[in-house]
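Everything on this sheet refers to the single structure shown next.
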């Protein structure tokens, strides 16, 4: 094996108290570093109950935090002390009345690299997100976390091939997916791994999905976090329903190998894709 990156996915059960959840997350970061990981990814709403399950409850706006800010500072300091690149997900208050589903990214030396805001906003049973979130305006940044450049596709964003392709065209070697996916979503369970296997293969990229687990009032998050290589092979899976720290070694040489074997990026014909832009469809 050539160049290898060890990553960790934090499959967490989030309780009702933010401070307790923060402490658990910081401890899990230490466990990941102890296991030799260079990058850890937390699920969507990493330290708060999943309040979008409730429709139009304006009191939850009080949970919004600035990014960066005092809460992210704590994760940034831990990332620096451990030498562990870190991706978390928070409810961002960007300005009065302006809120986002947001993933800040920290480098292995604790530097704040930037943030990804969720682009596509879901509205459906258990996911009343349009009341709480503005549509993301951060574009498709790619973050250099050491050996690799990563893109972030937050939860619902992973279902849009255009977004996954945009991250890869921006230079992503690995796309990480912080999500909060519940077992009541039968249609999502049916394509849980297949969809990301297809995205990994189409783009010649690693994909790592970090899901929540446990019961959160009306929703039961099922876990089953997983990692896919550029050939679409599932490398590691976390158990269903349990708290877990999933550690996986990524052979980065597979990116070059897969893109030689399956040159889909080379053979694109963007000059013929006018319909995607001109019609807005």
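The values are calculated or read from the model by the stated rules, or taken from the named source; none is laboratory data. Nothing here was measured: the structure is a model prediction, and the numbers come from that model. Please note: Cβ atoms are built from the backbone with ideal geometry, for glycine as well, and neighbour counts cover all protein chains shown.
Computed values, structure above
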item	result
Answer residue from the stretch 1-17, given it is farther than 18 Å from residue 211 by Cα and out of contact with any helix residue (DSSP H, G or I) (no Cβ under 7 Å at 6 or more places or on another chain) and is surrounded by the most Cβ atoms within 10 Å (Cβ to Cβ) among those	5
Complete set of residues in the stretch 139-155 that are crowded, with 23+ Cβ neighbours inside 10 Å and either at pLDDT below 95 or under 9 Å from the mean Cα position of the chain (by Cα) (or both)	151, 152, 153, 154, 155
Flag for residue 109 being in contact (Cβ under 8 Å) with a residue 24 or more places away in the chain, surrounded by fewer than 19 Cβ atoms within 10 Å (Cβ to Cβ) and over 19 Å from the mean Cα position of the chain (by Cα)	yes
Check on residue 62, part of a helix (DSSP H, G or I), surrounded by fewer than 19 Cβ atoms within 10 Å (Cβ to Cβ), at pLDDT 95 or above and in contact with a strand residue (DSSP E or B) (Cβ under 8 Å, 6 or more places away or on another chain)	no
Complete set of residues in the stretch 16-59 that are within 30 Å of residue 251 (Cβ to Cβ) and part of a helix (DSSP H, G or I)	25, 26, 27, 28, 29, 30, 31, 32, 33, 34
Filter result for the condition that a residue is outside any helix (DSSP H, G or I), touching a strand residue (DSSP E or B) at 6+ places or on another chain (Cβ under 8 Å), modelled with pLDDT of 95 or more and buried (at least 19 other Cβ atoms within 10 Å of the Cβ), over 86, 72	86
Elements of type strands (runs of 3 or more DSSP E) contained in the stretch 158-238, each with 1 or more residues being over 14 Å from the mean Cα position of the chain (by Cα) and in contact (Cβ under 8 Å) with a residue 24 or more places away in the chain	213-216, 219-222, 234-237
Residue check, residue 136 in a loop (DSSP other than H, G, I, E, B), under 30 Å from residue 59 (Cα atoms) and at pLDDT 95 or above	yes
Qualifying residue in the stretch 98-109 (condition: in contact with a helix residue (DSSP H, G or I) (Cβ under 7 Å, 6 or more places away or on another chain) and assigned to a helix (DSSP H, G or I))	no
Selected residue (criterion: nearest to the chain's Cα centre (by Cα)) from residues of the stretch 112-133 that are surrounded by 16 or more Cβ atoms within 10 Å (Cβ to Cβ) and in a loop (DSSP other than H, G, I, E, B)	118
The lone exception for residue 78 - which of (1) in contact with a helix residue (DSSP H, G or I) (Cβ under 8 Å, 6 or more places away or on another chain); (2) surrounded by 16 or more Cβ atoms within 10 Å (Cβ to Cβ); (3) farther than 28 Å from residue 35 by Cβ it fails	(3)
Failed criterion for residue 3 (all others in (1) under 24 Å from residue 153 (Cβ atoms); (2) at pLDDT 95 or above; (3) touching a strand residue (DSSP E or B) at 6+ places or on another chain (Cβ under 8 Å) hold)	(2)
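Matching residues to (1) in contact (Cβ under 8 Å) with a residue 40 or more places away in the chain; (2) under 22 Å from residue 134 (Cβ atoms); (3) within 16 Å of the chain's Cα centre (by Cα):
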{"position": "6", "(1), (2), (3)": "yes, no, no"}
{"position": "10", "(1), (2), (3)": "yes, no, yes"}
{"position": "15", "(1), (2), (3)": "no, no, no"}
{"position": "26", "(1), (2), (3)": "yes, no, no"}
{"position": "39", "(1), (2), (3)": "yes, no, yes"}
{"position": "51", "(1), (2), (3)": "yes, yes, no"}
{"position": "56", "(1), (2), (3)": "yes, yes, no"}
{"position": "59", "(1), (2), (3)": "no, yes, no"}
{"position": "79", "(1), (2), (3)": "yes, no, no"}
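One line per residue, one yes/no per condition, for (1) touching a helix residue (DSSP H, G or I) at 6+ places or on another chain (Cβ under 6 Å); (2) buried (at least 24 other Cβ atoms within 10 Å of the Cβ); (3) more than 24 Å from residue 33 (Cα to Cα):
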residue	(1), (2), (3)
164	yes, yes, yes
176	no, yes, no
194	no, no, yes
198	no, no, yes
210	no, yes, no
219	yes, no, yes
225	no, yes, no
239	no, no, no
